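The values are calculated or read from the model by the stated rules, or taken from the named source; none is laboratory data. Note that the structure is predicted; figures quoted are calculated from it, not measured. Using ideal geometry, Cβ is built from the backbone for each residue, glycine included, and neighbour counts are taken over all protein chains shown. With ligands, DNA and RNA removed, areas are computed over all heavy atoms of the protein, side chains included. Shrake-Rupley method; radii C 1.70, N 1.55, O 1.52, S 1.80 Å.
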Amino acid sequence: MTKNDEAAQAVRNFVRVANIIANLDTILTEAKNLSLTAKNARVVALRAGDSAFGFKPITNFIDEFSDLTIKTTKQISQLSSQLFSIALSVVRCSDFQHHLNACAKHSQSKAISHLQRGINLELMQTIKQLESVIDNLASYFEDINKQMRSAEYIAVTSRVEASNAGEFSESLQSVSDFITGAAKKIKSAIHNNLKEINQLKGALR
């Protein structure tokens, strides 16, 4: 790979990082919506009384995993800010390295050679930092994926319980449908992010 190719690759990696951060908005928004849905469902279940008795523990469970997803997503956001900063540093280092190498072709200056050694070392260290943050992010995304598998199980269970809620059945059924839809959107965003992460890992090898 030429130095020009390396600089272009650094920019592509930066774009992948930006895509990961954009997908995080979807995850956080849907997690917050799930939390709100749990609160609304709790109100409906209380109004339904004994006919929705089995639905009440489900609203608590929805609350728990939505809160956990929000917490995990906020932790990911902090890591993503780090990732964005490091990816930008890689682009800048790579660009500076490219300019130094171009200068070195026209000069044997020791100062340029010294700068080249320094930027090469800095670039290697920055890429290692980027790899470390990427590994941590992948782990967090896998955790949320597990939470969404639980969400899908809850959706099935809540659908069964909603069918026993009489006149409130339709309202509670809509909760089950929303959980399914939110889990699907979150899993899709995570799938896209894990794909971006795998491409980043491949590019950094």
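The table for this structure:
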quantity	calculated
Residue under evaluation N101, criteria (1) touching a residue at least 24 places away in the same chain (Cβ under 8 Å); (2) polar (S, T, N, Q); (3) out of contact with any Lys or Arg (no Cβ under 7 Å at 6 or more places or on another chain), criterion not met	(3)
Matching residues in region 88-134 - criterion: being over 16 Å from F14 (Cα atoms) and of a type in the set (D, E)	E122
Pairs where the first residue, in region 122-149, is farther than 18 Å from K185 by Cβ and the second is hydroxyl-bearing (S, T, Y), C-beta under 9 Å, 6+ apart	E122/S89; L123/S89; L123/S94; T126/S89; Q129/S89; L130/S89; V133/S80; L137/S80
Some residue of region 79-88 being closer than 26 Å to K185 by Cα, surrounded by fewer than 17 Cβ atoms within 10 Å (Cβ to Cβ), in contact (Cβ under 8 Å) with a residue 40 or more places away in the chain and of a type in the set (F, W, Y)	yes
Some residue of region 12-30 being touching a helix residue (DSSP H, G or I) at 6+ places or on another chain (Cβ under 6 Å), open to solvent by 60 Å² or more (accessible area, probe 1.4 Å), modelled with pLDDT of 80 or more and under 20 Å from N145 (Cα atoms)	yes
Any hit, region 44-59, residues being open to solvent by less than 80 Å² (accessible area, probe 1.4 Å) and within 22 Å of K185 (Cα to Cα)	yes
Which listed residue, of E196, E152, E131, is more than 29 Å from S94 (Cα to Cα), open to solvent by 10 Å² or more (accessible area, probe 1.4 Å) and part of a helix (DSSP H, G or I)	E152
Per-region count, region 62-78, residues in contact (Cβ under 8 Å) with a residue 60 or more places away in the chain and surrounded by fewer than 22 Cβ atoms within 10 Å (Cβ to Cβ)	3
M124 being modelled with pLDDT of 80 or more and either open to solvent by 60 Å² or more (accessible area, probe 1.4 Å) or outside any helix (DSSP H, G or I) (or both)	yes
